[in-house]
Amino acid sequence: MVDSIDSNDGIFRTQNLNLYYGENRAVKDVSISFKKKEVTAIIGPSGCGKSTLLRTLNRMNDFIDIFSTKGEIFFQGEDIYRSSQDVADLRKRVGMVFQRPNPFLKSIYKNIVWGPQIHGTKKDLDELVESSLRKAGLWDEVKDRLNDLATNLSGGQQQRLCIARTIAMKPEVILMDEPCSALDPRSTARIEDLIGELRKDYTIVIVTHNMQQAARISDKTAFFYEGELVEFGDTKSLFTKPKEKRTEDYITGRFG
Amino acid sequence: MSLRRRRLTEKCFKIATALITWSSIAILGVLVFQILKEGMQWVDWQFITSLPSRKAEKAGIYTAIWGSFYLMITTMLFALPTGIGAAIFLEEYGGKSRLSRFIDVNVANLAGVPSIVYGLLGLAVFVNLFGFGRSVISGGLTLGLLVLPVIIITTRGAIRSVPKSIPQAAYALGAKKWQVIFFHTLPYALPGILTGVILSVSRAIGETAPLIIVGAAAYVAFVPESLLDEFTALPIQIFNWTSRPQEVFHSLSAGGIIILLSVMLTMNSVAIFFRHKTQRSRNG
């Protein structure tokens with residue numbers, strides 16, 4: 001059962017969305033809405049379709065030949081799969097942080113400015129680098145070596161750099177696909193703190209297989225199971241008073 | 001099989017591979033030694049700066065060095081952009097269409113075509129059809145065609161080895177495909193592409209047969225000043241000397257081989273330098 005949500009309130013909204021890999025339906029009839037300046041966590045066991053859904057929101061699934069959609073996804077009221085959609089523009093407005101840190105094989109500085117540069121930003125690059133790195137909590141660690149290769153940073157630093165790179169685009173939404181799964185507990189804690197900071201300015205949708213993490217950092221949580229949206233609501237109530245038996249079984253560790 | 005026997009098999013295999021390795025290195029060593037022994041007496045400043053001559057003690061290799069140098073420049077100017085462009089198309093835009101598979105198979109086949117066939121093609125197309133005559137540009141373009149498959153195949157391999165996460169990151173920032181390829185895929189693939197350059201320079205600089213067919217002259221008394229000038233090349237000069245009856249010219253050709261090897265190593269070391277530099281920056 002799904003909480004009733006004012007359908008016009010969300011920055012992202014899906015309507016009876018079905019996602020397919022060839023014949024295989026990975027996401028089934030999902031209607032969900034992500035609100036502005038909220039952190040929404042998507043949880044569920046492996047293969048439940050949570051990453052597939054996330055990668056549909058900025059159309060990163062376009063690179064998979066056999067992928068197809070049925071139903072609608074609205075971003076700021078507009079269907080992102082309509083033929084006149086500028087995909088590059090969508091991705092500029094909807095940033096993404098990946099499972100494994102993937103900095104470019106370039107300097108820290110270039111990693112930040114490359115995105116804005118290809119979209120025509122020319123002035124105040126220094127300031128943009130500083131403010132983005134500050135927001136990502138990385139400035140103090142790297143300010144003296146901005147011209148060093150980004151790939152020389154530690155894994156946790158690389159992931160924060162990737163977040164800074166996304167912030168530098170001034171996106172409206174940040175999608176995070178299990179951003180801590182390749183990191184040690186300390187780096188994970190730092191990223192979680194960072195998400196806490198970012199929620200003030202950004203809409204964040206985060207996929208995680210770590211339930212404690214979802215409980216710690218999110219306002220809303222969606223629980224997916226076998227491609228279905230089982231339950232969606234305030235994080236606190238979902239974790240303390242789940243309405244569905246399957247949700248309860250999952251969060252108490254009975255399966256998954 | 002008992003433990004002892006398995007260890008023995010392991011040891012035998014190791015020794016066998018080591019033997020094969022060392023024997024091929026030994027053969028190479030003997031060859032190089034033989035050439036150095038015979039040719040070093042000739043290699044001096046006079047040899048490098050003199051024109052070819054009928055008298056062995058006066059003969060030099062000046063025009064051949066410059067001929068080979070200009071040939072390689074022409075070859076690379078033609079083959080690098082063409083080959084890299086073709087590789088990008090096949091790898092990034094070709095998809096799985098029938099056309100790209102057809103090109104694919106044929107590129108692989110072309111890599112195995114004997115070089116003399118390229119010579120005949122060069123003679124028909126560049127020398128006669130395009131009217132370039134027996135010139136540097138005819139030779140360079142012919143050698144360019146010859147190494148094109150090598151460059152395409154190595155560049156494709158290099159592009160394919162770029163981790164998917166890099167273009168993904170760029171696309172997620174709203175980059176267009178050409179921006180991803182130009183700013184990320186190609187720079188990342190550069191060391192692999194340079195390997196292709198090294199292989200093809202090494203191959204092209206030693207080729208003799210196609211140059212004979214497109215009409216490299218054995219005796220050229222001047223350094224080519226334009227692309228349409230006549231030329232000679234190091235392997236042509238060496239071949240010419242070895243085919244003379246006088247004993248002394250045979251050892252002179254050993255001197256030529258030393259020069260050929262040095263020119264090749266010099267040109268390759270530039271590519272190796274860049275490859276090393278880009279690879280080091282990647283590994284941190």
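Summary table below
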| read-out | value |
| --- | --- |
| Viscosity 1.002 mPa s, temperature 20 °C, Stokes-Einstein D of the protein assembly as shown from Kirkwood C-alpha radius, µm²/s | 76 |
| Environment charge of residue B:67, counting only residues whose C-beta is closer than 14 Å and scoring Lys/Arg +1, Asp/Glu -1 | -3 |
| Paramagnetic reach from residue A:172 in segment A:23-53 [backbone N under 16 Å; point 7 Å along Cα→Cβ] | A:33-38 |
| Förster radius 35 Å - calculated FRET efficiency between residue A:248 and residue A:186 (Cβ-Cβ, nearest 0.05) | 0.65 |
| Where Rh is the Kirkwood radius over Cα pairs, Rg/Rh for chain A | 0.97 |
| Between helix A:155-167 and chain A: long-axis angle, C-alpha atoms, 0 to 90°, nearest 10 | 90 |
| Alpha-carbon centroids, segment A:8-79 and segment B:217-241: separation in whole Å | 67 |
| Among B:2, B:115, B:167 - extreme Cα towards positive end, dipole of chain B, charges at beta-carbon | B:2 |
| Other protein chain Cβ atoms within 10 Å, averaged over every residue that makes up A:101-113 | 3 |
| Average partner coverage of A:82-91, which counts Cβ from other chains inside 10 Å | 2 |
| Low-density loop positions, GluC sites (Glu not before Pro), segment B:194-240 - DSSP coil, at most 13 other Cβ in 10 Å | B:225 |
| For residue B:276, solvent-accessible area (1.4 Å; no DNA, RNA or ligand), Å² | 100 |
| Total formal charge among the other residues, if their Cβ is under 14 angstrom from that of residue B:91, Lys/Arg +1 and Asp/Glu -1 | +4 |
| Chain B: most fluctuating residue of B:131, B:256, B:60 per GNM, C-alpha cutoff 10 Å | B:131 |
| Extended-chain gain in nm, criterion 0.36 nm per residue less alpha-carbon gap, residue A:241 and residue A:140 | 32.2 nm |
| Per residue accessible area in Å² of chain A, where ligands, DNA and RNA are left out and the probe is 1.4 Å | 45 |
| Unit charges at the beta carbon, dipole of segment B:45-283: most positive-side option, B:191, B:127, B:81 | B:191 |
| GNM top mover of A:11, A:66, A:42 - chain A, alpha-carbon springs below 10 Å | A:66 |
| Qualifying trypsin sites (Lys or Arg not before Pro) for segment A:171-229 [loop in DSSP, other Cβ within 10 Å: at most 14] | A:200 |
| Sparse-neighbour loop sites [chymotrypsin sites (Phe, Trp or Tyr not before Pro); segment B:143-242; at most 15 other C-beta within 10 Å; DSSP] | B:219, B:222 |
| Per-pair calculated FRET efficiency, R0 = 30 Å: residue B:89 and residue A:100 via Cβ, rounded to 0.05 | 0.55 |
| Potential extension, residue B:41-residue B:16 segment - 0.36 nm per residue separation minus Cα distance | 5.1 nm |
| Debye log10 I(q)/I(0) at q = 0.11, 0.13, 0.15, 0.17 Å⁻¹ for segment B:45-283, Cα point scatterers | -0.64, -0.83, -1.01, -1.18 |
| Cut-off 11 Å between beta-carbons: net charge of the residues surrounding residue A:81, Lys and Arg +1, Asp and Glu -1 | -1 |
| Selected from B:80, B:71, B:31 as most flexible by GNM, with chain B as the system and alpha-carbon contacts under 10 Å | B:31 |
| Average partner coverage of B:163-169, which counts Cβ from other chains inside 10 Å | 5 |
| FRET efficiency estimate (nearest 0.05) - Cβ-Cβ, residue A:72 to residue B:23, R0 56 angstrom | 0.20 |
| Residue-averaged 222 nm ellipticity for the protein assembly as shown, from DSSP H runs of 4+ at -39500 (n - 2.57), nearest 500 | -17000 deg cm²/dmol |
| Accessible area (Å², 1.4 Å probe, nearest 10) - residue A:235 | 10 |
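The values are calculated or read from the model by the stated rules, or taken from the named source; none is laboratory data. Given the structure is predicted, the values throughout are model-derived calculations rather than measurements. Neighbour counts run over all protein chains shown; Cβ positions are idealised from the backbone, glycine included. Protein only, heavy atoms only, side chains kept; ligands, DNA and RNA dropped before computing areas. Shrake-Rupley method; radii C 1.70, N 1.55, O 1.52, S 1.80 Å.
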